[in-house]
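Data first, discussion second: the structure below is written as structure tokens.
The values are calculated or read from the model by the stated rules, or taken from the named source; none is laboratory data. Bear in mind the structure is a predicted one, so any value in this text is a computation, not a measurement. Counting neighbours? That spans all protein chains shown, and the Cβs are built from the backbone with ideal geometry, glycine included. Quick note on the areas: whole protein, heavy atoms, side chains included, nothing else; ligands and nucleic acids left out. Shrake-Rupley method; radii C 1.70, N 1.55, O 1.52, S 1.80 Å.
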Amino acid sequence: MFLLQNLAVTDARFGIDFLMISAVNLFITGTNPWPPIVALLVGALAFGLAPLALAWLWAVKYSPAKPGKEKNSIYECGLESPGDAWIQFKASYYLYAIIFLIFDVEAVFLLPFAVAYAGLPAGACVAMLVFLLLLVEGLMWACQKGVLQWS
Amino acid sequence: MEQSEKSVQELKAELSKHGVFTTTFEEIYNWGRKNSVWPLTFGLACCAIEMIATTMARYDLARFGAEVFRASPRQADLIIVSGTVTKKMAPMVVRLYNQMPEPKYVISMGACAISGGPFRDGYNVLKGIDRYIPVDVHIPGCPPRPEALLDAFMTLQKKISEQQLTGEARPRHLKEDLPSEFTVPKYGEHGLEPPVNEEVWNPLKVLQ
């Protein structure tokens with residue numbers, strides 16, 4: 001026993017995996033801090049795997065597997081699934097969504113602007129006008145590029 | 001066989017008197033199954049409203065371990081055919097039943113699901129879902145009250161707890177040669193094709 005322990009210590013000097021040494025030490029001296037952790041690890045694995053293993057054994061012993069064409073088919077609320085799921089959407093949808101953002105952002109900023117309009121100085125109105133013009137410019141550019149034409 | 005079964009029951013009763021609890025694999029298995037019957041989220045007509053009421057606080061289907069209505073047939077044990085099955089809908093019902101894993105059960109809820117109900121003479125209503133899939137419990141009523149559905153649940157639980165694991169009397173899902181999926185009817189020129197699935201439909205014969 002002493003020899004084995006000695007061996008473990010010597011090996012540690014030569015860089016053998018520390019966990020291995022701990023496991024060896026654990027069963028020899030019992031002073032190592034690792035044993036509870038190893039025990040918990042084994043327990044946790046068994047806790048997870050044992051029910052799966054039991055269920056598998058049960059199925060092998062009693063319950064025959066019955067796969068079938070209908071049973072394995074894709075679930076579509078009872079309908080047969082037509083075609084392939086890997087289809088492409090037109091890129092135009094995404095462009096439309098992005099252009100919609102122009103109006104979206106516009107509305108978000110215009111509403112507080114309109115509410116506080118009476119008390120605003122001329123500079124604020126000019127700033128808002130510039131903002132609007134920038135957005136409109138973006139829309140015009142998209143329009144010129146022909147993005148809004150659905151083909 | 002019956003004699004030994006009887007003596008086993010006597011022995012168990014005798015042991016339980018002395019504070020020793022014994023059980024069998026079969027009993028634990030059935031006990032677990034009957035208390036976790038998960039139905040499919042699947043409503044067809046007005047009966048579905050009663051089915052929903054059954055799951056709510058007043059009737060509380062959760063007492064029977066069956067409140068988890070699954071949104072996918074892959075996780076469901078039970079399909080409650082709750083209402084009128086039109087001929088347009090019948091293939092979907094059968095396909096959903098086919099897609100459920102074994103063991104699977106069927107409750108036919110209400111007059112329509114049993115026989116077509118008030119629409120029996122109509123051209124577009126199926127005259128009972130038991131023409132295509134094996135039904136475990138029928139509930140009469142139009143619509144049946146939640147109590148009736150609870151009663152059907154308890155009947156099903158009783159049925160499950162009596163199922164055997166081995167032997168010739170074991171249920172369909174434990175027999176290798178019996179099918180797990182049933183013929184899905186197709187829309188034909190004069191209603192559904194085939195009109196009934198002969199394997200599952202066993203109507204009472206009128207004897208002359």
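Expressed as a whole percent, the proportion of Cα-Cα pairs in region B:120-168 lying more than 17 Å apart is 55%. Of all lysines in the structure, those lying under 16 Å Cα to Cα from B:Lys159, and not within fewer than 8 positions of it along the same chain, are B:Lys34, B:Lys104. Considering only B:Arg74, B:Arg170, B:Arg95, the mean-square fluctuation computed in a Gaussian network model of chain B, springs between alpha carbons under 10 angstrom, is largest for B:Arg170. Divided by 2.2 N^0.38 Å, where N counts the residues, the Cα radius of gyration of region B:1-121 comes to 1.42. Between A:Ile87 and B:Ser72, the FRET efficiency estimated from the beta carbon spacing at R0 = 22 angstrom works out to 0.45.
Working from label points 7 Å from Cα in the Cα-to-Cβ sense, the A:Leu40 to B:Asp151 distance is 5.5 nm. Note on region A:96-151: Cα-Cα pairs beyond 16 Å make up 49% of the total pair count. Do the sum for chain B: with -39,500 (n - 2.57) for every DSSP H run of n ≥ 4, divided by all residues, what is the mean residue ellipticity at 222 nm, to the nearest 500 deg cm²/dmol? That calculation yields -10000 deg cm²/dmol at 222 nm.
Rolling a 1.4 Å probe across all protein chains gives A:Glu137 an accessible area of roughly 120 Å². When only Cα pairs below 8 angstrom with a gap of at least 6 residues are kept, chain B shows a relative contact order of 19 percent. For A:Val105 and A:Cys143, a Förster radius of 22 Å and the Cβ-Cβ distance give a FRET efficiency of 0.80, rounded to the nearest 0.05. Between B:Glu5 and B:Glu176, the C-beta separation translates, for a Förster distance of 22 Å, into a calculated FRET efficiency of about 0.35.
At 18 angstrom or more along the helix axis (alpha-carbon based) and mean Kyte-Doolittle of -0.5 or higher, what helices does chain B contain? Whole DSSP H runs only. Length and hydropathy pass: B:146-161. Against the compact-protein benchmark of 2.2 N^0.38 Å, the Cα-based radius of gyration of region B:119-208 scales to 1.34. Judged by the gyration tensor of its Cα atoms, with axes a ≥ b ≥ c, region B:36-93 is oblate; a/c meets the 1.5 cut and b/c is at least as large as a/b.
Bin all alpha-carbon pair distances of the protein assembly as shown at 10 Å intervals from 0 and give each bin's fraction as a whole percent. Pairs per bin, as whole percents: 4, 15, 17, 14, 12, 14, 12, 8, 3, 1, 0. Dipole orientation for the protein assembly as shown: of the candidates A:Leu110, B:Met89, B:Gly19, B:Met89 has the Cα lying most toward the positive pole (charges on Cβ; Lys, Arg +1; Asp, Glu -1).
Express the Stokes-Einstein translational diffusion coefficient of chain B in µm² s⁻¹, to the nearest whole number, given a Kirkwood radius over alpha-carbon pairs, 10 °C and a viscosity of 1.306 mPa s. Roughly 85 µm²/s, to the nearest whole number. Annotation: for a label point projected 7 angstrom from Cα along Cα→Cβ of B:Cys46, residues of region B:52-93 with backbone N closer than 17 Å are B:52-54, B:82-86. Taking 7 Å along the Cα-to-C-beta vector as the label spot, tell me the A:Ala50-A:Leu129 distance in nanometres, rounded to one decimal. Between A:Ala50 and A:Leu129, the label points sit 8.0 nm apart. Counting Cβ atoms of other protein chains within 10 Å of each Cβ in A:66-75 and taking the mean gives 6.
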